[in-house]
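The next block holds one structure in the form of structure tokens; read it before the comments.
The values are calculated or read from the model by the stated rules, or taken from the named source; none is laboratory data. Predicted, not measured: the structure shown is a model, and the values here were computed from it. Cβ sites come from the backbone with ideal geometry, for glycine too, and all protein chains shown count toward neighbours. Quick note on the areas: whole protein, heavy atoms, side chains included, nothing else; ligands and nucleic acids left out. Shrake-Rupley method; radii C 1.70, N 1.55, O 1.52, S 1.80 Å.
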Amino acid sequence: MQMKEIASLVHTTPRTIRFYEEKGLISPYKSANHYRQFDEGHVEKLRVILALREVGMSTSQIRETLEDQHAIDHHLNRQRSVLYSEWLEMKDMITTIDEMVKSCDKASHSLYEKASILKDLKKKRKRWHDRWNFDSQADSYDRDLKTEGYGFNIHAHYEEVLAEAVRLIDAGMGEVGADIGIGTGNLGSQFLSKGVSVIGVDQSNEMLQKCSEKFPSIDVRNGHFLALPLMDQSVDFITTSYALHHVEEEEKQLAVEEMDRVLAHRGRIVIADLMFENEADRKRVLEKLASEGNLEAVRAIEDEWYANRSQLIHALEQLGYIVSVHQYSDILHLVYAEKE
Ligand SMILES: C[S@@+](CC[C@H](N)C(=O)[O-])C[C@H]1O[C@@H](n2cnc3c(N)ncnc32)[C@H](O)[C@@H]1O
């Protein structure tokens, strides 16, 4: 078929098709008289290109997707995460404009102050990056869990704390739950047999891939604590295990606010993680480890951001949650929060 025919078939213009040709996304045959000729394969490809453009992918992202079409879910997932981040940034900007409009004080310093808060928020949402290369850990993660590390084992009580998380959430049939930093799915998957729809959020595509292989019914989403790829009030509960300590202490409040944003009425949260009761407790444990000569453990703790539990509780209470805590060892705690 010729240009006009294919353009009308896929509801686009010849100009658009020529643009994709220039970008190397589609290569029509050329007839003897140099007219472009298309076949069914071109129609299929154009439909994919147009669909991916419609959801905001750039031509270079589309090229990558076309080259690796069996990984289309991966590319869509990545694009969804980008769109969620952009959407949240827009929401933050609109909220700031609302505040500027509502405020009686339009003095330059007051506007500037509000804009600075917004700037800081944008920066926080964007700056997180994976310093630990979780992609490279995905294959061995489940095996490594069983290997003892350091003088104390960070995965001691692992099964126990996950089981307690499931018990406390007490999920009901038909609920939707999100497990953030789901990794290979060891916690999130435990809700599947209860008739729950589980969404697994993780910043590592390899972890998500592993999770999907093990539990195909989990809806895996690329995203991170500070810009969750979830709509407002769209989940009944949130769990997260061994993940929040990869977020800096000063950003944990934003992580909690994000959880609150996506939780529906009477939502529940379980945070099972490495943390200390407070700053004094952190000091005590680090001194104890140092006096035992366990410098490897000290270095490991200092490389991450074990939460200050009392600050975490305070952030949750400020948002109207009733909080209870369970402690398993010097470093392993579970925080359960339920909205009043
Ligand atoms: C130690 S693994 C824990 C996995 C699983 N929750 C478990 O209990 O076995 C940490 C996981 O959190 C993810 N993660 C770390 N920081 C994150 C962040 N800021 N946002 C989303 N996921 C994160 C990592 O990619 C990794 O899959």
*Name, by its number, the condition in (1) more than 24 Å from Asp73 (Cβ to Cβ); (2) at pLDDT below 95; (3) more than 8 Å from the ligand (Cβ to nearest atom) that does not hold for Trp132.*
(3)
*asked:* Checking the conditions here, which among Arg299, Arg284, Arg266 is in the same structural domain as Leu230 (by TED's automatic domain parsing) and modelled with pLDDT of 95 or more?
replied: Arg284
_Test of understanding: among Ser193, Ser217, which residue is away from the ligand (no atom under 14 Å from the Cβ), open to solvent by 50 Å² or more (accessible area, probe 1.4 Å) and either in a helix (DSSP H, G or I) or at pLDDT below 95 (or both)?_
Ser193
*asked:* The conditions are (1) among the aliphatic types (A, V, I, L, M); (2) free of Cβ contacts under 8 Å to residues at least 60 places away in the same chain; (3) within 9 Å of the ligand (Cβ to nearest atom), and Met207 fails exactly one of them. Which is it?
replied: (2)
*Residues located in the stretch 214-257, provided they are polar (S, T, N, Q) and under 23 Å from Lys194 (Cβ atoms)*: Ser217, Gln233, Ser234, Thr239, Thr240, Ser241
*Looking at this structure, is Asp130 open to solvent by 50 Å² or more (accessible area, probe 1.4 Å) and either part of a helix (DSSP H, G or I) or not hydrophobic (A, V, I, L, M, F, W, C) (or both)?*
no
*Of the numbered conditions (1) touching a Gly at 6+ places or on another chain (Cβ under 9 Å); (2) open to solvent by 30 Å² or more (accessible area, probe 1.4 Å), Ile182 satisfies every one except a single condition; which is it?*
(2)
*Only residues in the stretch 243-257 that are not assigned by TED's automatic domain parsing to the domain that holds Leu121 count as the first member; pair them with residues that are polar (S, T, N, Q) and more than 9 Å from the ligand (Cβ to nearest atom), Cβ under 7 angstrom, at least 6 apart or cross-chain, and list the lot.*
Glu249/Asn308
*Determine if the stretch 52-62 includes at least one residue that is farther than 30 Å from Arg221 by Cβ, among the aliphatic types (A, V, I, L, M) and outside the structural domain of Ala115 (by TED's automatic domain parsing).*
no
*Taking the stretch 233-259 only, how many residues are crowded, with 16+ Cβ neighbours inside 10 Å and more than 16 Å from the ligand (Cβ to nearest atom)?*
1
*Restricting the search to the stretch 220-232, which residues are near the ligand (Cβ under 9 Å from one of its atoms), under 19 Å from His75 (Cβ atoms) and in a loop (DSSP other than H, G, I, E, B)?*
Gly223
*Only one of these is away from the ligand (no atom under 16 Å from the Cβ), surrounded by 13 or more Cβ atoms within 10 Å (Cβ to Cβ) and either modelled with pLDDT under 90 or closer than 24 Å to Glu257 by Cα (or both): Ile72, Ile94. Name it.*
Ile72
*In the stretch 135-184, what count of residues is obtained for those that are in contact with a strand residue (DSSP E or B) (Cβ under 8 Å, 6 or more places away or on another chain), under 17 Å from Gly223 (Cβ atoms) and within 8 Å of the ligand (Cβ to nearest atom)?*
5
*Return only the number of the condition from (1) more than 15 Å from the ligand (Cβ to nearest atom); (2) open to solvent by 30 Å² or more (accessible area, probe 1.4 Å); (3) outside any helix (DSSP H, G or I) that Ile117 does not satisfy.*
(3)
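Residue check: is Arg36 under 38 Å from the mean Cα position of the chain (by Cα), over 26 Å from Ser81 (Cα atoms) and either open to solvent by 50 Å² or more (accessible area, probe 1.4 Å) or touching a residue at least 60 places away in the same chain (Cβ under 8 Å) (or both)? Please lay out each step first, then the result.
Values: under 38 Å from the mean Cα position of the chain (by Cα): no; over 26 Å from Ser81 (Cα atoms): yes; either open to solvent by 50 Å² or more (accessible area, probe 1.4 Å) or touching a residue at least 60 places away in the same chain (Cβ under 8 Å) (or both): yes.
No, not satisfied.
Yes or no, residue by residue, for (1) in a loop (DSSP other than H, G, I, E, B); (2) open to solvent by 70 Å² or more (accessible area, probe 1.4 Å); (3) within 22 Å of Arg131 (Cα to Cα):
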{"residue": "Arg282", "(1), (2), (3)": "no, no, no"}
{"residue": "Leu286", "(1), (2), (3)": "no, no, no"}
{"residue": "Leu289", "(1), (2), (3)": "no, no, no"}
{"residue": "Arg299", "(1), (2), (3)": "no, yes, yes"}
{"residue": "Gln311", "(1), (2), (3)": "no, yes, no"}
{"residue": "Leu316", "(1), (2), (3)": "no, no, no"}
{"residue": "Ile322", "(1), (2), (3)": "no, yes, no"}
{"residue": "Val325", "(1), (2), (3)": "no, no, no"}
